[in-house]
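This report refers to the structure that appears directly beneath it.
The values are calculated or read from the model by the stated rules, or taken from the named source; none is laboratory data. Since we're looking at a predicted model, the values are computed, not measured. Cβ placement follows ideal geometry from the backbone for every residue including glycine, while neighbour counts extend to all protein chains displayed. Ligands, DNA and RNA are stripped out before the accessible areas are found, and what is left, the full protein with its side chains, is counted by its heavy atoms. Shrake-Rupley method; radii C 1.70, N 1.55, O 1.52, S 1.80 Å.
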Amino acid sequence: MSLMKKSLLYVLLVISALFMMFPIVYAVMISFMQGGEVLQGKLFPSSFSFENYQSAFQQVPLLHFLMNSLIVSVTVTAGQLIVSSLAAFAFVFIKFRGRNTLFFLFISTMMIPWEATMVPNYLIVQKLGWINQYSSLTIPFFALAFGTFLLRQQFKTIPYELFEASQVAGISRFRFFWKVVLPVSKTSMITLAIYSFLTTWNMYLWPLLVTNNEKVRTVQIGLKQMQSQEVSSEWGTVMAAAVIVVLPTLILLFAGQKHLQKGLTQGAIK
C-alpha cells in the first residue's frame, strides 16, 4: 500500500472517530453548562463547575439507583456465567440421546424476540410474588442461549480425548470442568461477562415493568424519572446524570475491548 493510500485511510479513520466520539464529548460539555448556555447552542461551557453533578444526585436518589444497577448487573453476570458454562460443558462433553436436537431447540430461542416473552414472564414473576424484588430483575436472565453457544464453540476446541483420559484417570466431570475447561476458556468467559454486564446495565423496559417504587429500581429508570420531572428544562443536570450512568460501561468496554474481540473470534477457529 502506497504512502498516499495509507494517509487517506488514516484521515478517513480519524474523521469517522470524530463523528462517533462527538455525541459523547458534547454530552460531557453540556453536563458542565448552565441552562441558558445549552439553549444558545454553545459547544463549550463558559466555566467548568460540578454544580450539575451535585444537582443530579439531589434531584433523584441516583446513588441508590446506581447500587441497584450494580447489584443486578453483577448477579445476572454471575448467573449467566455459571448456567451457560455448565450447559455448554454438557452439550460438548456429556453424550446423551437427543443432545444435538436439544441444543438446536435451545439456540433457536435466540430467534424469538424478547418482547414476545415479556408478558408470560411478567405473569410468572407476578404469580411468584417477585414484584419489586431483585429476583425478578435477575433470575429470568440466567439462561442465555447466546452465552451457551459462545462457550460451546470454545469448549469444542478442547480435544474430547483429553476428557476421556481424565475419566480413565478417575477425575470427576466437575473437576475436569473446573481445572481444565475453565482455565483454557478464560478469554471467552471474560467476553461473556462483559457482554452480560453491559446488556443488564442498559436494560430499561423490564425493570420498569416489574418495579413500581424506588426500592430496587435501576439507574436507567432513575434517569428517565429525572427527565420527566420539572428539572428536565435543566439539560445540564440531566446530561450530568447521563454521563454518570454511561461512565461505568465505557470504562468496562475500553478495559475489556481486547478480550471482547478475541473471545468473539477465537471460538470460530478450531
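Could you grab me the full set of residues in region 175-228 that are over 17 Å from F141 (Cβ atoms), of a type outside the set (D, E, K, R) and outside any helix (DSSP H, G or I)? Scanning region 175-228 gives S185, N212, N213.
R99 falls short on exactly one of the conditions (1) surrounded by 14 or more Cβ atoms within 10 Å (Cβ to Cβ); (2) basic (K, R); (3) in contact with a Phe, Trp or Tyr (Cβ under 7 Å, 6 or more places away or on another chain), and that condition is (1).
Among the residues of region 125-132, is there at least one that is open to solvent by 50 Å² or more (accessible area, probe 1.4 Å), part of a helix (DSSP H, G or I) and free of Cβ contacts under 8 Å to residues at least 60 places away in the same chain? Yes: one or more hits.
Kindly provide the set of residues from region 13-49 that are farther than 15 Å from A240 by Cβ, at pLDDT 85 or above and among the aliphatic types (A, V, I, L, M), ordered by number. Steps first, answer last, please.
Taking region 13-49 and keeping what is farther than 15 Å from A240 by Cβ, we get 13-23, 36, 39-44, 46.
Still in the running and at pLDDT 85 or above: 13-23.
Once the filter is applied, which keeps residues that are farther than 15 Å from A240 by Cβ, at pLDDT 85 or above and among the aliphatic types (A, V, I, L, M), region 13-49 yields L13, V14, I15, A17, L18, M20, M21.
In this structure, does I24 turn out to be out of contact with any Phe, Trp or Tyr (no Cβ under 6 Å at 6 or more places or on another chain), at negative phi, touching a residue at least 40 places away in the same chain (Cβ under 8 Å) and open to solvent by less than 80 Å² (accessible area, probe 1.4 Å)? Against the criterion (out of contact with any Phe, Trp or Tyr (no Cβ under 6 Å at 6 or more places or on another chain), at negative phi, touching a residue at least 40 places away in the same chain (Cβ under 8 Å) and open to solvent by less than 80 Å² (accessible area, probe 1.4 Å)), I24 qualifies. Kindly establish whether T101 is farther than 30 Å from E161 by Cβ and either of a type outside the set (D, E) or in a helix (DSSP H, G or I) (or both). Here the answer is no, as T101 does not meet what is asked.
Quick check on this structure: which one of A88, A116 is touching a Leu at 6+ places or on another chain (Cβ under 9 Å) and either modelled with pLDDT of 95 or more or surrounded by fewer than 18 Cβ atoms within 10 Å (Cβ to Cβ) (or both)? So that I can check it myself, show each step before the final result.
On the way: A116 fails: touching a Leu at 6+ places or on another chain (Cβ under 9 Å).
The match here is A88.
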